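K.L.:
Let me give you the structure first, and then I'll get to my questions.
The values are calculated or read from the model by the stated rules, or taken from the named source; none is laboratory data. Just so we're clear, the structure is a prediction, and the values are computed from it rather than from any experiment. Here the Cβ positions follow ideal geometry from the backbone for every residue, glycine too, while neighbour counts run over all protein chains shown.
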Amino acid sequence: MPLYSKLSVPKENPTRPCVVFLHGLLGTIADWDKISQEVTNTYPALLIDLPGHGKSSAIHVLENDGFEETCRLIVEQLENSPYREFIFVGYSLGGRIAMYLNACFKLPENIVLRGLCIEGGNFGLLNAEEKHARLKNDIAWAERFEQQPIVDVLDDWYQQPVFSSLNPEQRQDLVVKRSDNLGKSIGMMLRSTSLAKQPHLLEALHRSTIPMLYICGEADKKFQHLAEQSQLTYQIIAQAGHNAHVEQPERFTHVLNTFLQQWK
């Protein structure tokens with residue numbers, strides 16, 4: 001079964017690279033609506049629901065091969081599109097998958113990755129103790145998603161430090177918005193694409209020759225620190241936390257469009 005995707009084609013300049021949008025854990029292609037509408041004035045855009053999410057919720061990947069399988073499913077969508085050159089824009093989990101696709105996945109010869117824009121994506125863990133702790137934490141969350149009412153789990157999920165910039169109203173909005181997810185599918189994806197199972201990708205990203213941009217919110221101190229230490233080109237979005245493209249869509253769109261101008 002293929003992943004669900006939606007392709008938008010601009011009225012002009014259809015020969016430019018196609019911009020592929022990948023959402024984060026608990027998200028869907030709808031998270032990119034505002035951003036992609038602005039982009040598709042100039043560039044083709046392909047929005048993809050990741051396994052276990054949105055209209056791809058019935059698609060599961062193997063627990064010990066989640067990154068490779070997810071990339072394979074994404075590449076199927078690329079090959080089924082009329083385009084052969086792509087720029088990836090990925091948020092959080094989507095950003096980690098996009099980085100893995102660039103750093104570790106063997107793309108078919110007819111697919112060319114032209115650029116990479118990552119929002120709040122973790123490069124990976126180096127320390128074995130950190131990996132063990134993260135896997136234990138992700139499995140605990142996965143079990144909760146699989147076994148408990150999703151609203152109860154989401155109430156606690158959005159209390160995590162990475163979401164500390166959210167106010168109570170924003171938290172409640174996200175709980176309502178994300179409660180459509182299937183807990184078992186989210187648990188599957190948490191297990192399969194745990195940060196503990198991801199290679200540390202920064203060295204491979206440094207060897208890559210394609211243009212890259214890292215984006216994070218001003219209030220997202222953890223990922224701002226990662227960006228500063230990464231030696232990649234990065235941009236800080238003012239008055240935004242971990243989910244900058246939702247909290248400040250106009251500012252995010254301006255930064256993204258500036259990055260995309262090199263393919264005019």
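K.L.:
Pick from the stretch 123-153 the residues that are assigned to a helix (DSSP H, G or I) and among the polar types (S, T, N, Q): which of them is surrounded by the fewest Cβ atoms within 10 Å (Cβ to Cβ)?
P.N.:
Taking the candidates together, the pick is 147.
K.L.:
Among the residues of the stretch 105-122, count how many are surrounded by 13 or more Cβ atoms within 10 Å (Cβ to Cβ), of a type outside the set (Phe, Trp, Tyr) and part of a loop (DSSP other than H, G, I, E, B).
P.N.:
5
K.L.:
Turning to a different aspect of this structure: Taking into account only those residues within the stretch 227-264 that are among the aliphatic types (A, V, I, L, M) and in a loop (DSSP other than H, G, I, E, B), which is surrounded by the fewest Cβ atoms within 10 Å (Cβ to Cβ)?
P.N.:
Taking the candidates together, the pick is 238.
K.L.:
Does residue 222 qualify as being over 16 Å from the mean Cα position of the chain (by Cα), at pLDDT below 95, outside any strand (DSSP E or B) and surrounded by fewer than 15 Cβ atoms within 10 Å (Cβ to Cβ)?
P.N.:
Answer is yes for this residue.
K.L.:
Report, ordered by the first and then the second residue, all pairs with beta carbons closer than 8 Å, sequence separation of six or more or different chains, a first member in the stretch 189-216 that is closer than 18 Å to residue 51 by Cβ, and a second member that is in a strand (DSSP E or B) and hydrophobic (A, V, I, L, M, F, W, C).
P.N.:
Short answer, once both residue conditions are applied: none.
K.L.:
If you don't mind, there's one more thing I want to ask. May I ask you to verify whether residue 196 is among the small types (Gly, Ala, Ser) and touching a Leu at 6+ places or on another chain (Cβ under 6 Å)?
P.N.:
So residue 196 fits the description; yes.
K.L.:
Out of curiosity, is residue 178 within 20 Å of the chain's Cα centre (by Cα) and closer than 20 Å to residue 221 by Cβ?
P.N.:
Considered against the rule, which asks whether it is within 20 Å of the chain's Cα centre (by Cα) and closer than 20 Å to residue 221 by Cβ, residue 178 comes out as no.
K.L.:
Now for a separate question. Does at least one position in the stretch 30-47 carry a residue that is closer than 20 Å to residue 194 by Cβ and either free of Cβ contacts under 8 Å to residues at least 24 places away in the same chain or crowded, with 23+ Cβ neighbours inside 10 Å (or both)?
P.N.:
no
K.L.:
Next question. Under 8 Å between Cβ atoms, which residue pairs at least 6 apart in sequence (or on different chains) link something in the stretch 7-26 that is in contact (Cβ under 8 Å) with a residue 12 or more places away in the chain and buried (at least 18 other Cβ atoms within 10 Å of the Cβ) with a partner that is in a strand (DSSP E or B) and of a type in the set (Lys, Arg)?
P.N.:
17/114
K.L.:
Filter the stretch 17-36 down to residues that are in a loop (DSSP other than H, G, I, E, B) and in contact with a Ser or Thr (Cβ under 7 Å, 6 or more places away or on another chain), then give me how many there are.
P.N.:
Residues meeting the conditions: 2.
K.L.:
Further, regarding this structure: Could you please tell me which pairs satisfy a Cβ distance under 8 Å, a separation of 6+ or placement on different chains, a first residue in the stretch 171-188 that is at negative phi, and a second residue that is among the polar types (S, T, N, Q)?
P.N.:
171/159; 181/57; 182/57; 183/147; 183/148; 185/57
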